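Undergrad: Submitted below is the structure of interest, expressed as structure tokens.
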Amino acid sequence: MIGFYKEETMSRFSKYFLMKEGDICDYVRDQLPDYFAGNSNITVKEIGDGNLNYVFRAVEEGTDKSIIVKQAGEQLRISAEMRITTDRNRIESEILLIQDKYAPGLVPKIFKYDTVMCACLMEDLSDHRLMRYALMEHQTFPKFAEDVTTYMVNTLLNTTDVVMEHKEKKELVKSFINPELCEITEDLIYTEPYNDAKGRNIVTPENLEFVKKELYGDKALHLEIAKLKFEFMNNAQALLHGDLHTGSIFVKPDSTIIFDPEFAFYGPMGYDIGNVIANLFFAWDNGDAAGNTSFCEWTLRTAEEVIDLFKSKFIAEYGKKVTDIMAKTEGFAEYYLDTIIADTAAGAGTELVRRTVGMAQVKDVTTIADKNKRIRAERINILCAKDLVMNRTQFKTGKDFTASFSKAIAAADKTL
Ligand code: SR1
Ligand code: MG
């Protein structure tokens, strides 16, 4: 059942307010009258874990039938001073519908989205786990590289000018203009980690001198980050997820579901791919601090597979899907893919830095209890990030990425 209309009836949900658990049962009945039986008891729990939104799980007693309601608040959970448009809920729902077409089975089903309450009602994936938490328990997911590369190749390549009719693509660029969420990325990823311009960085005190030297004081790095910032803002290459970290992915051994694309917009595809790589490196940080060698090997092997599978699937799909005459020119696909992998190195580097010193960090690293191990992990992330950014055009294969990470481990150890 899918409905995409503005609710016309006068109900208590005809005007926006921030819902609480007690509102959700009525809300689901109001929006999807036939979803639950009329007389059933529904239990509701707020299960949101991100920085921005409220997520409720409603379960029908007896049948265990369930649904998720995700509502955008006017204030962000991470900081009440930060306010961003609740239209992000529309963006998220609309992109999930598009992605369901290109990558069926790899995104959640949307039953309805409601532009009044800025909420969407979607498939409950409680039989899956949030990938970040599963990785923090050092679980491995053999299908992950295969699934995430299928998702990325299909959602990204199909929304480019290479494949899509150019006027249709420009219509999508228009409807996914996402200025307020992009501004968060422009600030938190492409500005503040290099200067603490708004005083919001969170730096482990023992690493402050290291951060001042390696990030705040490195002018050559600033120049490259400035180039990347304007590339991010101006290269409308493909319709990105925009926030593809392991907290945006649900997993179980035989399934991968990518959700939460509210930062979606038209940008360089390497931004998405690089986010996946960096978050596998954060999982390595956590596994290494716990001394779990086999898990660490899996994270690096998976990072290599993500790059190499992306490349091979991309070239294969490109050959089948390309429509633009000039994009069929011999050598162009390889040139284009080369630029994507350079952007991927940059995307991995900027994610590694911002999650290590910026205001929105990752639990894989922040929960490392042993101070010395955390300091070391942060230095590895920063040194690897700098190599990825500064030498981004040299990165060609999965092994190049993990070799950079290994080099950073050795370099960080020399600083301790
Ligand atoms: C203010 S929002 C902070 C971060 O949370 C989101 O998940 C994005 O990663 C954003 O950068
Ligand atoms: Mg999110």
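Undergrad: So which of 23, 49, 87, 34 ends up being assigned by TED's automatic domain parsing to the domain that holds residue 114, more than 16 Å from ligand 2 (Cβ to nearest atom) and surrounded by fewer than 17 Cβ atoms within 10 Å (Cβ to Cβ)?
TA: Every option except 34 fails the conditions.
Undergrad: Sticking with this one: Only one residue in 184, 277 is closer than 22 Å to residue 310 by Cβ and either surrounded by fewer than 23 Cβ atoms within 10 Å (Cβ to Cβ) or at pLDDT 95 or above (or both), so which one is that? Full working, then the answer.
TA: Values: 184 fails: closer than 22 Å to residue 310 by Cβ.
One residue alone meets the criteria, 277.
Undergrad: Which pairs have Cβ atoms under 7 Å, sit 6 or more apart or on different chains, and link a residue in segment 358-371 that is over 15 Å from residue 281 (Cα atoms) to one that is of a type in the set (Ser, Thr, Tyr)?
TA: none
Undergrad: Among what's in segment 70-83 and is within 16 Å of ligand 2 (Cβ to nearest atom) and hydrophobic (A, V, I, L, M, F, W, C), pick the residue that is surrounded by the fewest Cβ atoms within 10 Å (Cβ to Cβ).
TA: 78
Undergrad: Any idea how many residues of segment 84-130 are without any contact (Cβ under 8 Å) to a residue 12 or more places away in the chain and assigned to a helix (DSSP H, G or I)?
TA: Residues meeting the conditions: 2.
Undergrad: Find the residue count for segment 154-169, including only residues that are under 15 Å from the mean Cα position of the chain (by Cα) and of a type in the set (A, V, I, L, M, F, W, C).
TA: Taking segment 154-169 and keeping what is under 15 Å from the mean Cα position of the chain (by Cα), we get 155-156.
Imposing the further condition that a residue be of a type in the set (A, V, I, L, M, F, W, C) reduces the set to 156.
So the answer is 1.
Undergrad: Would you kindly identify the helices (runs of 4 or more DSSP H) lying entirely within segment 300-416 that contain at least 1 residues that are hydroxyl-bearing (Ser, Thr, Tyr)?
TA: Fully inside segment 300-416 and qualifying: 332-357, 363-366, 398-415.
The values are calculated or read from the model by the stated rules, or taken from the named source; none is laboratory data. Note that the structure is a prediction, hence the values are computed from the model and not measured. Neighbour counts run over all protein chains shown; Cβ positions are idealised from the backbone, glycine included.
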